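Trainee: Dropping the structure in here first, questions after.
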């Protein structure tokens, strides 16, 4: 008999073109904490892990900065978005707009539903969804 292990989403990884801009967006603007950062000189890259709680207890975001990459990354057709839960999407979107964050879609009820959603771009053009808690 095979025992199914317990799975927990550990992290999502993005490649970023400007680590300082990305850290400003995720840490200062979205309030995530830098949990650890490792530089790999032989591989010429830096990995930074951010989150809202301890790394082994909550899902984290890994930002990978490849030192020699000069062109923006192609997002591909498979990427959708990552989502952040907020109490009030309209207020959160107003805050992000005031911070100069690029808005993709303003706060509005989701298509064919009532839950409030809004979408923004991070500094590398990755789509970020804001949503209100499921009631």
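The values are calculated or read from the model by the stated rules, or taken from the named source; none is laboratory data. Nothing here was measured: the structure is a model prediction, and the numbers come from that model. Neighbour counts are summed over all protein chains in view; Cβ atoms, including those assigned to glycine, are modelled from backbone coordinates with ideal geometry.
Trainee: Within the range 34-53, work out how many residues are in contact with a strand residue (DSSP E or B) (Cβ under 8 Å, 6 or more places away or on another chain) and exposed (fewer than 14 other Cβ atoms within 10 Å of the Cβ).
Mentor: Total satisfying the criteria: 6.
Trainee: Just one of 62, 97 is under 17 Å from residue 128 (Cα atoms), surrounded by 12 or more Cβ atoms within 10 Å (Cβ to Cβ) and assigned by TED's automatic domain parsing to the domain that holds residue 133; which is it?
Mentor: Answer to the selection: 97.
Trainee: Tally the residues that are free of Cβ contacts under 8 Å to residues at least 60 places away in the same chain, in a loop (DSSP other than H, G, I, E, B) and surrounded by 12 or more Cβ atoms within 10 Å (Cβ to Cβ), restricting the search to the range 111-135.
Mentor: Residues flagged as free of Cβ contacts under 8 Å to residues at least 60 places away in the same chain, in a loop (DSSP other than H, G, I, E, B) and surrounded by 12 or more Cβ atoms within 10 Å (Cβ to Cβ) within the range 111-135 amount to 3.
Trainee: Please determine whether any residue of the range 84-92 is closer than 18 Å to residue 28 by Cβ, without any contact (Cβ under 8 Å) to a residue 12 or more places away in the chain and either more than 15 Å from the chain's Cα centre (by Cα) or in the same structural domain as residue 17 (by TED's automatic domain parsing) (or both).
Mentor: Yes, the range 84-92 has at least one match.
Trainee: Would you confirm whether any residue within the range 75-93 is touching a helix residue (DSSP H, G or I) at 6+ places or on another chain (Cβ under 7 Å) and either over 17 Å from residue 11 (Cβ atoms) or in a strand (DSSP E or B) (or both)?
Mentor: Yes, some residue in the range 75-93 is touching a helix residue (DSSP H, G or I) at 6+ places or on another chain (Cβ under 7 Å) and either over 17 Å from residue 11 (Cβ atoms) or in a strand (DSSP E or B) (or both).
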